[in-house]
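S.K.: Here you go, one structure.
None of the figures in this text is laboratory data; all of them are computed from the coordinates on show. This is a predicted model, so every value here is computed, not measured. Note that each Cβ is placed from the backbone with ideal geometry, even for glycine, and that neighbours are counted across all protein chains shown.
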Amino acid sequence: MMATFDFSFFDAHLVSAFILKGLWFSLGLTIIAMVGGIALGTVLALMRLSGRRPLVLLAAVYVDTLRSIPLVMVILWFFLLIPMLIGRPLGTELSAAITFTLFEAAYYSEIMRAGIQSVPRGQMNAGYAVGMTYAQCMQLVVLPQAFRNMLPVLLTQTIILFQDTSLVYAIGAYDLLKGFVSAGQNYNRPMETYIVAAAVYFVICFSLSMMVRRLRKRIQIIR
Amino acid sequence: MFGNWFGSKWDWQIFCKSNLEDTRYPGCFGADGDITYLQWMISAWGWTLSVALLGLLLALVAGSLVGVARTVPNRALRLFGEAWTELFRNVPLLVQLFLWYFVAPKAIPGLQAVPSIVLVVCALGFFTSARVAEQVKAGIETLPTGQRNAGLAMGLTLSQTYRHVLLPVAFRIVIPPLTSEAMGIIKNSSVAFAVSISELTMFAMQAQEETSHGVEIYLAVTGLYFVSSIVVSRVAVLIERLVRVPGVAGAEAGR
């Protein structure tokens, strides 16, 4: 027996009552983790390329550890550890924001490392030659180029990050997926809401990846 | 310092207990059908590995077919491959899992009697197949076009050209990226917790709740994930070495 699908219950009320709150959270979490992750990731990449043994080791252990643990486990770890460290429970939303920033930093750092290495060494030497310090060379010469070379990859990683935010399901934070799940429970129409959830995620991620693809082409022409 | 965790003492003995009335077994293995947390964790590891390996198998088969489809001259096949990749790549794995688990059995009558583990393998496998397809396609495209033309010029059919000329080299080239997909699928199998498959992450969540010794439980589980991915990367290096053809692309880079 085939089940029949009925999507007529999807109306403006459902969207504003259940979906929007989750959508804003997912988008907000993505942006926070992207900005924080790229910043921290850049620092980690610089540490790893610094040639100073303790810094290299520290960054390597951080990045390789986080990259070999499932994200769900990392989410659970932080949800368990942060309250132990600060002595009081932290909301799921804040916990998710911290977790994703620290977790994504590991992935962004590998991208930034490749980006920094894609800038010829002569650029750095040229900077030194005109009297710049290490920090100035990095900030004014190398990082802007590295960032631009890696922009498509950074954005692709961000699309993956947006998809991964659905994993906050593990600690019960109210994200886009949770919004659909709650709506499905309230209207007793779980199947339809899963289908619409998939469609919404697809439309968002697909259009973003099309934009990244176009950006990649434009950057290619310039270079 | 490490024996004490903010006041509550670490207790690794927790693994020798069962969740029934807090019974402790001296050998860490339960009796009379009662199982300890250690046994539960080992069986959860088994579930993680089974789901991941079966999913990987499905992903390699489906991903190779789709990846090849994206490189053939036939436009319809190429479009199909393209659509497949975009579809499975742009929906979060967890949402895909819910579709397989909650929606597919209702929408596709044949899937009703199928055990839930198969549905999880499908979700994981098809999700990963999009990524495998991408790698396989890239592997085929890195080969010089002369290879394909030479095959066709010698009178091989298209499928023979793929079978004897292109794929043997392309597959060797993509072993390293496929290795990271294999390691990725072990990590991704953790989403199965959401549909109550008793794998490692599910075990971690439940055992943490029951024992309130989350740190010990999570450490052990994280350690098992580590071990699993190290084993996968070792096996991949072994495979790479076994199938290496001296003088062919990728062989020099293979150390």
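S.K.: Rank the residues B:ILE117, B:ILE173, A:ILE86 as a footprinting-exposure proxy: fewest other Cβ atoms within 10 Å of their Cβ go first.
M.R.: On the way: B:ILE117 17, B:ILE173 20, A:ILE86 9.
Lowest count first: A:ILE86, B:ILE117, B:ILE173.
S.K.: For segment A:152-223 and segment B:75-110, compute the distance between their C-alpha centroids and round to whole Å.
M.R.: If you average the Cα positions of each part, the centres end up 15 Å apart.
S.K.: Which cross-chain or sequence-distant (5 or more) residues have an amide H under 5 Å from the amide H of A:MET132, H modelled 1.01 Å from N in plane?
M.R.: Distant-sequence amide H within range of A:MET132: zero hits.
S.K.: Taking θ = phi - 60°, what integer Hz values does the Karplus form 6.51 cos²θ - 1.76 cosθ + 1.60 yield along segment B:85-93, in sequence order, with x for Gly and Pro?
M.R.: In residue order, the calculated couplings are 4, 5, 4, 7, 8, 9, 10, x, 3 Hz.
S.K.: While we're looking at this one, here's another question. Counting other beta carbons within 10 Å of each residue's own, what order do A:THR99, B:THR23 fall into, fewest first? Mind dumping the intermediate values first?
M.R.: Numbers: A:THR99 24, B:THR23 13.
Ascending Cβ contact count within 10 Å gives the list B:THR23, A:THR99.
S.K.: Jot down the radius of gyration and Dmax of segment B:4-242, Cα atoms only, both in angstrom.
M.R.: Final numbers for Rg and Dmax: 22.3, 76 Å.
S.K.: Moving to a separate point now. Taking the radius of gyration and the Kirkwood hydrodynamic radius from Cα positions alone, what is the Rg/Rh ratio for the protein assembly as shown, to two decimal places?
M.R.: Working: Rg = 24.4 Å, Rh = 24.8 Å.
Using Cα coordinates only, the ratio equals 0.99.
S.K.: Zone of B:ARG244 (label point 7 Å along Cα→Cβ, backbone N under 17 Å): which residues in segment B:149-181?
M.R.: From segment B:149-181, the list is B:169-177, B:179.
S.K.: Sticking with this one: Under the 0.36 nm per residue contour assumption, what length would be gained going from the current alpha-carbon distance of A:ARG121 and A:MET84 to full extension?
M.R.: 8.8 nm
S.K.: How large is ³J(HN,Hα), in whole Hz, for each residue of segment B:223-229 in order, when computed from phi with the Karplus curve 6.51 cos²θ - 1.76 cosθ + 1.60 and θ = phi - 60°, using x for Gly and Pro?
M.R.: x, 5, 4, 4, 4, 4, 6
S.K.: Report, in debye and to the nearest 20, how large the dipole of chain B comes out about its Cα centre when Lys and Arg carry +1 and Asp and Glu carry -1 on their Cβ.
M.R.: In total the dipole reaches around 1260 debye.
S.K.: Send over the semi-axes of segment A:1-131's equivalent ellipsoid, whole angstrom and largest first, taken as the square roots of 5 times the C-alpha gyration tensor eigenvalues. Spell out each step's value before the answer.
M.R.: On the way: eigenvalues 316, 86, 42 Å².
Taking √(5λ) for each Cα gyration eigenvalue gives 40, 21, 15 Å.
S.K.: Another question, then. Starting from the Kirkwood radius over alpha-carbon pairs of segment B:122-172, derive D by Stokes-Einstein at 20 °C in a medium of 1.002 mPa s and give it in µm² s⁻¹. Spell out each step's value before the answer.
M.R.: Values: Rh = 11.8 Å.
Here the translational diffusion coefficient equals 181 µm²/s.
S.K.: Ok, one more. Once you list every other residue whose beta carbon is under 13 Å from the beta carbon of B:MET183, what net charge do they have if Lys and Arg are +1 and Asp and Glu are -1? Intermediate values should be presented prior to the final figure.
M.R.: Values: positive: A:ARG67, B:ARG131, B:LYS187, B:ARG234; negative: A:ASP64, B:GLU181.
So the environment of B:MET183 carries a net charge of +2.
S.K.: Helix hunt in chain A: which complete DSSP H runs extend at least 24 Å axially by C-alpha with mean Kyte-Doolittle at least 0.5? Mind dumping the intermediate values first?
M.R.: Numbers: long enough: A:20-49 (42 Å, 1.69); A:92-118 (38 Å, 0.43); A:143-164 (28 Å, 0.68); A:190-222 (48 Å, 0.93).
Passing helices, by number: A:20-49, A:143-164, A:190-222.
S.K.: Can you give the angle from 0 to 90° between the axis of helix B:175-188 and the longest principal axis of chain B, with both taken from C-alpha atoms, to the nearest 10?
M.R.: Taking Cα atoms only, the helix is inclined about 30 degrees.
S.K.: Helix-only estimate, please: 222 nm mean residue ellipticity of the protein assembly as shown, summing -39500 (n - 2.57) across DSSP H runs of length 4 or more and dividing by its residues, to the nearest 500.
M.R.: -22500 deg cm²/dmol
S.K.: By how many degrees, between 0 and 90 and to the nearest 10, does the Cα long axis of helix B:200-211 differ from the longest principal axis of chain B?
M.R.: For B:200-211 against chain B, the angle is about 10 degrees.
S.K.: How do B:CYS28, B:CYS122, B:CYS16 line up, fewest other C-beta atoms within 10 Å first? Mind dumping the intermediate values first?
M.R.: Details: B:CYS28 14, B:CYS122 22, B:CYS16 19.
The fewest-first ordering by Cβ neighbours comes to B:CYS28, B:CYS16, B:CYS122.
S.K.: With the radius of gyration and the Kirkwood radius both derived from the Cα set of segment A:12-222, what is their ratio Rg to Rh?
M.R.: 1.05
S.K.: At q = 0.10, 0.23 Å⁻¹, what is the log10 ratio I(q)/I(0) for segment B:156-255, with the Debye formula run over Cα points and no solvent?
M.R.: -0.46, -1.13
S.K.: With θ taken as phi - 60° and the coefficients 6.51, -1.76 and 1.60, list the Karplus ³J(HN,Hα) couplings across segment B:143-152 in order, rounded to whole Hz; mark glycine and proline as x.
M.R.: Along segment B:143-152, the couplings run 6, x, 4, x, 4, 5, 4, 4, x, 5 Hz.
S.K.: Say each of B:VAL118 and B:HIS164 gets a label point 7 Å from the Cα, pointing the same way as Cα to Cβ; how far apart are those two points in nm?
M.R.: My value for the distance between the label points is 3.9 nm.
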